[in-house]
Amino acid sequence: MSALEIVQIPVLSDNYVYLAREPVSGAVAIVDPAVVEEPMAEAARRGWKITHILNTHHHGDHVGGNMAIKAATGCTIVGPKADRERIPGIDIEVDDGEAFDFGAARATVMFVPGHTRGHIAYHFAASDALFCGDTLFALGCGRMFEGTPPQMWNSLSRLRALPDATRIYCAHEYTQSNARFALHVEPGNAELVARSARIDALRAAGKPTVPSLIGEEKATNPFLRADLPAFQAAIGMSGQVPHEVFGETRRRKDTFR
Ligand code: ZN
Ligand code: FE
């Protein structure tokens, strides 16, 4: 299996759009094109021909560039089968557990509803890369616009089970404000304190905090820790059902200032 070359493009106020190139075939995907200009220009600068769009979910800041990019390049749009009517220009519908062959690379599709009811993630195991849209963020998770706590907790638990070295290519740079909330709920987590300092240094230098690794998220992300005794004790919910602990944590974040 071929390893991907991945380029991160910051757009709008806090979105990341990714270019992923598979070097054997030369296939190039734009993951969640929020916009048209920047990813097209970056691909052109590199002499890369866009062959695919990979969408994780239907929100405008993830599919906004679909139709214009397809019109300009003739690319193939891949997206969640469960949300086919909300993905503009969708050509290939993919569902949980399916393999999507992208040139000589292969993604396993994971159905991870909660932020939206059709949300998927693309796991390129041979590249240790996960494109997870707005489901899992560095030190955070997406809001549950169309899902329930048990659903979102199940989705996040499945992502947590990926190898520790998996890089999380999420779609937003929310990490610094996520860190403030994480420290608020679990101030005694030494790894979190240290990570938060590294995040502040990166942001002060104008650098991205994404991608992060599954391993560090497991140790520090409050939304992946709802079943752990140390975390449950920290928020005063020892011994409670994990999805309820997760749900309460998410509620507190929704109103945290
Ligand atoms: Zn979204
Ligand atoms: Fe988004």
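Please treat every number below as a calculation from the coordinates, not as lab data. Please read these numbers as outputs of a predicted model, since none were measured by experiment. Note that each Cβ is placed from the backbone with ideal geometry, even for glycine, and that neighbours are counted across all protein chains shown.
In whole Hz, with x marking every Gly and Pro, tabulate ³J(HN,Hα) for region 90-100 from phi via Karplus 6.51 cos²θ - 1.76 cosθ + 1.60, θ = phi - 60°.
4, 10, 10, 9, 10, 9, 3, x, 6, 8, 10
What order do you get for Ile50, Ile9 when you list them from fewest to most C-beta neighbours inside 10 Å?
Numbers: Ile50 23, Ile9 19.
Ordered from fewest to most neighbouring Cβ atoms within 10 Å, Ile50, Ile9 come out as Ile9, Ile50.
Give me the one-decimal Kirkwood hydrodynamic radius in Å for the chain, with the sum taken over alpha-carbon pairs.
Working: mean 1/r = 0.0541 Å⁻¹.
Answer for the chain: a Kirkwood hydrodynamic radius of 18.5 Å.
How many angstrom lie between the C-alpha centres of region 83-122 and region 41-69?
That distance is 15 Å.
Normalising by the residue count of the chain, find the relative contact order in percent from Cα pairs under 8 Å and 6+ residues apart.
13
Run the reach check for Lys207 against aspartates and glutamates, Cα to Cα strictly under 16 Å, same-chain hits fewer than 8 apart removed. What comes back?
Cross-link targets: Asp14, Glu173.
Roughly how many whole Å is it from the C-alpha centroid of region 1-25 to that of region 197-257?
Taking the Cα centre of region 197-257 as reference, the centre of region 1-25 is 26 Å away.
Ranked from highest to lowest mean number of other Cβ atoms within 10 Å per residue, what is the order of the peptides 226-237, 195-206? Don't skip to the end; give the middle numbers.
Numbers: 226-237: 15.9, 195-206: 13.6.
My ranking of the peptides, most packed first, is 226-237, 195-206.
What's the exposure ranking of Thr220, Thr76, going from fewest to most Cβ atoms within 10 Å? Could you put the intermediate results ahead of the total?
On the way: Thr220 25, Thr76 17.
So the ranking, lowest neighbour count to highest, is Thr76, Thr220.
What residues qualify as long-range amide H neighbours of Ala105, i.e. H under 5 Å apart, gap of 5 or more or another chain, H built at 1.01 Å from N?
When sequence neighbours closer than 5 places are left aside, the close amide H contacts are Ser2.
Once the other residues with Cβ under 11 Å from the Cβ of Arg250 are scored (Lys, Arg +1; Asp, Glu -1), what is the net sum? Don't skip to the end; give the middle numbers.
Numbers: positive: Arg143, Arg251, Arg252, Lys253; negative: Glu244, Glu248, Asp254.
Cβ neighbours under 11 Å give a net charge of +1.
Mind computing the radius of gyration and Dmax over the alpha-carbon atoms of region 175-254? Å is fine for both.
In order Rg, Dmax, the Cα atoms of region 175-254 give 12.8, 41 Å.
Name the lysines eligible as straight-distance cross-link partners of Lys70: C-alpha to C-alpha under 17 Å, and not fewer than 8 places from it in the same chain.
Lys49
Restricting to DSSP H runs of at least four residues, report the calculated mean residue ellipticity at 222 nm for the chain, -39500 (n - 2.57) per run over all residues, nearest 500 deg cm²/dmol.
That comes out to -9500 deg cm²/dmol.
List every residue whose amide H lies under 5 Å from the amide H of Thr166, counting only residues 5 or more places away in sequence or on a different chain, with H placed 1.01 Å from N in the peptide plane.
Hits under the 5 Å cutoff: Ile214, Gly215.
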